[in-house]
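In what follows, a structure is listed as structure tokens, so that the remarks can point back to it.
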Amino acid sequence: MRILFYLLLGVSLPVTAQQQAISLEDIWSSYIFTPDGVSGFNFLQDGGSYAELEGNAVVTYDITTGEATDTLVDGSELDRSGGFSGTISSYAFSEDERKLLLSSDTEQLFRRSSQSNYFVYDVASGTLTSVYPEAKIRLATLDPTGQRVAFVVNNNVFIKELSSGDLTQVTEDGAVNAIINGATDWVYEEEFGFSKALYWSPDGQRLAFLKFDERAVPEFTYTDFHNGMYPEYNTFKYPKVGEENSTVSLHVYHLDQQLTTDLLTVNGENSGAWHYLPRVQWTNDAGALTAQRMNRHQNELELLLFDLEGNSQRTLLREENPYYVDVHDNLTFLDGGFIWTSEQDGFNQIYLYDMDGGQPQQLTTDRYDVTEFYGVNDGQIYFQAAGRDPMQREVYIKSLRGKDLPRPIAAARGYNEAQFSGDYDYFVLTNSTINQPARVVVVDESGTEIREIVSNQELARKIQDYGYQPAEFFTFTTEEGTELNGYMIKPGNFSSNVEHPLLMHVYGGPGSQQVLDNWRGQNMAWFQLLAQKGFVVAVVDNRGTGARGQELKKQTYLTLGKQETEDQISAARYLGGLDYIDADRIGIFGWSYGGFMALHAILQGNDVFSAAIAVAPVTNWKWYDTIYTERYMRTYAENKEGYDRNSPIHYADQLKGDLLLVHGMGDDNVHFQHTAEMANALIMNNKQFETYFYPNRNHGIYGGPTRLHLYTKMTNFLINNLGSNPGSK
């Protein structure tokens, strides 16, 4: 095997002497290592200015000078007689920027869903109008003309005319755990990544929406405890592997005729093999709507075009994949065509399709993955890609129709991401490395830096004061023959002549990446704390992870957990063979999919790993949701061996080391059931282990001092079971 270490460019960090000690309170109470960022950033239509939510006000700035030019609205000065609390949670512009849709008193529901009090603020008149004074509502959306707002309340769709105050109820059949109009069900929200299912036409005369009939979906109940005589029971529709999903239908409400047209139904009568509607989008034509539909295995996708004037539909493209098709948001309509990204040539690339059919033109052909598509302007496409290597990102520009090679316009070492102005004359560039917190700057179309918005210099100084040690990338080749990427953090008083305990951190799920040359957030601060206590910390991306092409990412198809576990065990063996690692003191920590991996590691790799922390782990894929699990595993009935051979619960008898199981009892995503069943399997095999459970906490396990409490336990567990002091050889 071989190893290549290289120190990443960025902040110059001390490598010999520790300085100020990092405490868990610094990380999880004071949050002193959290970088500055830009909140509520929006480019304005003039191309030369932007708006930002600053404190409780929406303020506009000149893009080139950074000087504030106007305060569009200040929440503290608004009239509260109409129910406004005085605090702006978020804002959105109307298309002409004359109105602002403000949310207040936002209450989180699930991962991407919430309900709020909504108000429309008229910039010219300074008037504030409540959208729906009677109750909190969901997904309020201004139409492109700024004349009306669509929203969801009690699972029904409403439209409010702002000039008259007239309210139109578009649907009437909404009911909890039965029918949802204009919003998604739980599994669509979690796995297809959206909660809003309301879509205004470009002229504001039609409102498309999805309806979810979830009556046949089985229910799941979790328990909350709030100091009452009896606990609270939260029951919602959650389809587990092989169970019924919602029947989903697409509809369009025509404002001028005050009628609704039914366009398409999936997972229902006469819908054939089509099972999901993961995306809906209007074209540039107000009479043409598109929808993507997929089969249940998610290896076939069709993009449908609905001509609402001609009352017809046709297929714009059809994509099939031997594994699965990833759902994305890279559909962009042009005059006579559209942009689409696909992995059909083995890497995620950009294609130009004609609306009238024919073979698409492949615009990018390099052997790397395009990771973000930013848009099209003046015959040029703008995108982000892992061009240099999978651990970095650059921003590129290329002509739409020419054969020129992509040209990098942001390619400093590390992770580059961009947000472009409407006319693409400027973009806001965020760049960070694993050793340098994000710097945010304004760049013009030539690639010239105009000015700095966020420097994070104070944080850069702070991490020096606290003796942050440099993360070093490395590569190694597994016994199976795959080259994998990783990074490592060593103690400040590191010596290759002594053996250190090792903590490995893992996520490892399909398409994910942990080994990236970007600022790694709060966990990095914890890793630095452990390094100060004598640990070496290492992270390795196994097979199944992203930015290295389809074949490596999809090798885990039908066997989630197999290749990933083999790779993590191989990485531990490799690292344990280094002179400065104590092979008898190797631990592993993971959360969610990473918790699943940590369990596999301590069980199947019981000769390598001495300790493991599994937070909110999946323990058997048959208990997880349909969309995610069946995309990679198909159903349990179709792939029983794949499920059983790759679920940690079936390896409980192999536990030898120290195990800490952690779970939130209010986890709506990976249910507490997973940890309860794992604990039961360990008990039935007379295996000792530790558990920590968090009442009322969801999958993120946070709120108040919760994270501090959890990381205190995890730190103590590692020190007690692996020790923190380097040992002599």
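The values are calculated or read from the model by the stated rules, or taken from the named source; none is laboratory data. As the structure is a prediction and not an experimental result, all values here were calculated from the model. Cβ sites come from the backbone with ideal geometry, for glycine too, and all protein chains shown count toward neighbours.
Kindly evaluate residue 631 against the criterion of being in a helix (DSSP H, G or I), crowded, with 19+ Cβ neighbours inside 10 Å and under 26 Å from the mean Cα position of the chain (by Cα). I'd like the intermediate steps shown before the answer.
On the way: in a helix (DSSP H, G or I): yes; crowded, with 19+ Cβ neighbours inside 10 Å: yes; under 26 Å from the mean Cα position of the chain (by Cα): yes.
For residue 631, the condition - in a helix (DSSP H, G or I), crowded, with 19+ Cβ neighbours inside 10 Å and under 26 Å from the mean Cα position of the chain (by Cα) - is met.
Looking at 417, 452, which is the one that is at pLDDT 95 or above, of a type outside the set (A, V, I, L, M, F, W, C), under 24 Å from residue 463 (Cβ atoms) and surrounded by fewer than 17 Cβ atoms within 10 Å (Cβ to Cβ)? Before you say what the answer is, go through the steps one by one.
Values: 417 fails: surrounded by fewer than 17 Cβ atoms within 10 Å (Cβ to Cβ).
The conditions single out 452.
Would you mind telling me which numbered condition in (1) under 30 Å from the mean Cα position of the chain (by Cα); (2) among the aliphatic types (A, V, I, L, M); (3) part of a helix (DSSP H, G or I); (4) surrounded by fewer than 16 Cβ atoms within 10 Å (Cβ to Cβ) residue 637 fails?
(3)
Can you name the residue in the range 352-394 that is of a type in the set (Asp, Glu) and surrounded by fewer than 20 Cβ atoms within 10 Å (Cβ to Cβ) and, of all such residues, is farthest from residue 427 (Cα to Cα)?
Keep residues of the range 352-394 that are of a type in the set (Asp, Glu), which gives 354, 356, 366, 369, 372, 378, 389, 394.
After this cut, where a residue has to be surrounded by fewer than 20 Cβ atoms within 10 Å (Cβ to Cβ) as well, the list is 354, 356, 366, 372, 378, 389.
Values: 354: 29, 356: 33, 366: 24, 372: 15, 378: 15, 389: 23 Å.
Filtering first and then ranking leaves 356.
Only one of 713, 729 is at pLDDT below 95 and out of contact with any helix residue (DSSP H, G or I) (no Cβ under 6 Å at 6 or more places or on another chain). Can you tell me which?
On the way: 713 fails: at pLDDT below 95.
Among 713, 729, only 729 is at pLDDT below 95 and out of contact with any helix residue (DSSP H, G or I) (no Cβ under 6 Å at 6 or more places or on another chain).
Among (1) of a type outside the set (D, E, K, R); (2) more than 18 Å from residue 156 (Cβ to Cβ); (3) surrounded by 13 or more Cβ atoms within 10 Å (Cβ to Cβ), there is one condition residue 210 misses while meeting the rest; what is its number?
Every condition holds for residue 210 apart from (2).
State whether the residues of the range 502-511 include one that is farther than 30 Å from residue 427 by Cβ, of a type in the set (Val, Ile, Thr), assigned to a loop (DSSP other than H, G, I, E, B) and modelled with pLDDT of 95 or more.
No, every residue in the range 502-511 fails to be farther than 30 Å from residue 427 by Cβ, of a type in the set (Val, Ile, Thr), assigned to a loop (DSSP other than H, G, I, E, B) and modelled with pLDDT of 95 or more.
Rundown of residues vs (1) at negative phi; (2) under 31 Å from the mean Cα position of the chain (by Cα); (3) in a loop (DSSP other than H, G, I, E, B), yes/no style:
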site	(1), (2), (3)
45	yes, yes, yes
59	yes, yes, no
71	yes, no, no
80	yes, no, yes
88	yes, yes, yes
96	yes, yes, yes
106	yes, yes, no
110	yes, yes, yes
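Out of the range 28-75, which residues are of a type in the set (Ser, Thr, Tyr) and closer than 24 Å to residue 522 by Cα? Talk me through it step by step, then tell me what you get.
Of the residues in the range 28-75, the ones of a type in the set (Ser, Thr, Tyr) are 29-31, 34, 39, 49-50, 60-61, 64-65, 69, 71.
The answer is 29, 30, 31, 34, 39.
When residues of the range 701-729 are filtered for being among the small types (Gly, Ala, Ser) and either under 19 Å from residue 616 (Cβ atoms) or without any contact (Cβ under 8 Å) to a residue 60 or more places away in the chain (or both), how many remain?
From the range 701-729, those among the small types (Gly, Ala, Ser) are 703-704, 723-724, 727-728; that's our starting set.
Then keep just the ones that are either under 19 Å from residue 616 (Cβ atoms) or without any contact (Cβ under 8 Å) to a residue 60 or more places away in the chain (or both); that gives 703-704.
Residues in the range 701-729 being among the small types (Gly, Ala, Ser) and either under 19 Å from residue 616 (Cβ atoms) or without any contact (Cβ under 8 Å) to a residue 60 or more places away in the chain (or both): 2 in total.
Which number in (1) in a helix (DSSP H, G or I); (2) hydroxyl-bearing (Ser, Thr, Tyr); (3) in contact with a Gly (Cβ under 7 Å, 6 or more places away or on another chain) marks the one condition that residue 570 misses?
With (1) in a helix (DSSP H, G or I); (2) hydroxyl-bearing (Ser, Thr, Tyr); (3) in contact with a Gly (Cβ under 7 Å, 6 or more places away or on another chain) applied to residue 570, the lone miss is (3).
Just wondering, is there one or more residues in the range 495-504 that are on the phi > 0 side of the Ramachandran plot and surrounded by fewer than 22 Cβ atoms within 10 Å (Cβ to Cβ)?
The first filter runs over the range 495-504 and keeps only residues on the phi > 0 side of the Ramachandran plot, leaving none.
No; the residues of the range 495-504 include none that is on the phi > 0 side of the Ramachandran plot and surrounded by fewer than 22 Cβ atoms within 10 Å (Cβ to Cβ).
Residue by residue through the range 521-545, note down the ones that are within 18 Å of the chain's Cα centre (by Cα) and crowded, with 21+ Cβ neighbours inside 10 Å. Talk me through it step by step, then tell me what you get.
Looking only at the range 521-545, we keep the residues that are within 18 Å of the chain's Cα centre (by Cα), and these are 521-523, 541, 544-545.
Matches in the range 521-545: 541, 544, 545.
Testing residue 405 on (1) outside any strand (DSSP E or B); (2) among the hydrophobic types (A, V, I, L, M, F, W, C); (3) surrounded by 15 or more Cβ atoms within 10 Å (Cβ to Cβ), one condition comes back false. Which one is that?
(3)
Could you grab me the full set of residues in the range 349-362 that are in contact (Cβ under 8 Å) with a residue 24 or more places away in the chain and either under 27 Å from the mean Cα position of the chain (by Cα) or closer than 18 Å to residue 393 by Cβ (or both)?
Selection gives 350, 352.
Yes/no matrix, rows are residues, columns are (1) over 27 Å from residue 631 (Cβ atoms); (2) without any contact (Cβ under 8 Å) to a residue 24 or more places away in the chain; (3) in a loop (DSSP other than H, G, I, E, B):
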{"residue": "116", "(1), (2), (3)": "yes, no, no"}
{"residue": "134", "(1), (2), (3)": "yes, yes, yes"}
{"residue": "146", "(1), (2), (3)": "yes, no, yes"}
{"residue": "189", "(1), (2), (3)": "no, no, no"}
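Does the range 665-676 include one or more residues that are surrounded by 24 or more Cβ atoms within 10 Å (Cβ to Cβ) and more than 29 Å from residue 278 (Cβ to Cβ)? Please lay out each step first, then the result.
Looking only at the range 665-676, we keep the residues that are surrounded by 24 or more Cβ atoms within 10 Å (Cβ to Cβ), and these are 670-671, 674-675.
Now drop any that are not more than 29 Å from residue 278 (Cβ to Cβ), which leaves 675.
The answer is yes; a qualifying residue exists.
Can you name the number of the only condition in (1) buried (at least 19 other Cβ atoms within 10 Å of the Cβ); (2) not in a strand (DSSP E or B) that residue 461 fails?
Of everything listed in (1) buried (at least 19 other Cβ atoms within 10 Å of the Cβ); (2) not in a strand (DSSP E or B), residue 461 misses just condition (1).
Test of understanding: among 97, 107, which residue is of a type in the set (Asp, Glu), surrounded by 16 or more Cβ atoms within 10 Å (Cβ to Cβ) and out of contact with any Phe, Trp or Tyr (no Cβ under 6 Å at 6 or more places or on another chain)? Talk me through it step by step, then tell me what you get.
Numbers: 107 fails: surrounded by 16 or more Cβ atoms within 10 Å (Cβ to Cβ).
Just a single option satisfies the conditions, and that option is 97.
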